[in-house]
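**Student:** The structure is given below, and queries will be raised subsequently.
The values are calculated or read from the model by the stated rules, or taken from the named source; none is laboratory data. Model, not experiment: these values are computed from the prediction. We place every Cβ from the backbone using ideal geometry, glycine too, and count neighbours over all the protein chains shown.
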Amino acid sequence: MDLDRIKQLVAYDPETGRFWWKVNCGRGRAGTVLGSEHSGGYRECKIDGERFFLHRLAWLYFYGEMPKEQIDHINGDRTDNRISNLRKATQQQNSGNMKIRPNNKVGFKGVYKVNRTKPFQANIHINGKTKYLGLFDTAEEAHRAYLEAAKDAFGDYARSK
C-alpha cells in the first residue's frame, strides 16, 4: 500500500493511537473511527480492498515503511496503537512479551502445578520449543527461575505477568 494513498484517506494520532477516516470511503464515513476488533484482539481495517492490522498501519504511517518484522505492543494491550507502545520484534521477542495465559491456574507465568514432592514446575518456550527449568517447592521459586530464563532469552521483551 502506498503511504501517500493511506494519508489521503485516513489520519492517525500517534499520541492516542487512533485512526479516523478523512473522506467517505466504502463503508467508512469522514470523521469516523477506523477499524474494528479482530478475533485475535488486534484492531484491523480494510483500505482499498486490502486488510491491515492497525498497529502495522501505525508503523507505516509514522515511519514511512511497512515493517518486515513483527510489531510488538510493549504494554501487551493489542488495541493500544500509540506509536510509543509499538516496537519491532522477532517472533521470539514477541512471544516473550506475551501476557500470562488466561487458563494459568497458578498465577505466575511459566509455572505449572504438578503432583510431586516439589509441586511446581517451571518451563519456558523458546523458538517453538519448551525448555524445562526444574521443579520447585513454591510457585514463587519456580517463577524466579522462569524470569531468569526469560531475561536471558528475551532481554527487554521479557514480561513477568
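**Student:** Within 22 Å of Lys68 (Cβ to Cβ), at pLDDT 95 or above and not assigned by TED's automatic domain parsing to the domain that holds Lys99, is that true of Gly17?
**Tutor:** So Gly17 passes the test.
**Student:** Given (1) within 29 Å of Tyr146 (Cβ to Cβ); (2) in contact with a Ser or Thr (Cβ under 8 Å, 6 or more places away or on another chain); (3) not polar (S, T, N, Q), identify the lone condition not met by Arg101.
**Tutor:** Unmet condition: (2).
**Student:** Hey, can you tell me all the residues within the range 12-44 that are of a type in the set (A, V, I, L, M, F, W, C), within 20 Å of Thr79 (Cα to Cα) and surrounded by 15 or more Cβ atoms within 10 Å (Cβ to Cβ)?
**Tutor:** Phe19, Trp20, Trp21, Leu34, listed by residue number.
**Student:** Continuing with this model, one more query. Tell me whether the range 138-146 contains one or more residues that are in contact (Cβ under 8 Å) with a residue 40 or more places away in the chain and at negative phi.
**Tutor:** The answer is no, given that none of the residues of the range 138-146 is in contact (Cβ under 8 Å) with a residue 40 or more places away in the chain and at negative phi.
**Student:** Cβ-Cβ distance below 7 Å, separation of 6 or more or different chains: which pairs start in the range 73-92 with a residue that is closer than 15 Å to Tyr61 by Cα and end on one that is part of a loop (DSSP other than H, G, I, E, B) and of a type in the set (Val, Ile, Thr)?
**Tutor:** Going by the 7 Å Cβ cut-off, the qualifying pairs are Arg82/Thr16; Asn85/Ile74; Arg87/Ile74.
**Student:** Here's a follow-up. Give me a count of the residues in the range 105-117 that are at pLDDT 85 or above and at negative phi.
**Tutor:** Residues flagged as at pLDDT 85 or above and at negative phi within the range 105-117 amount to 8.
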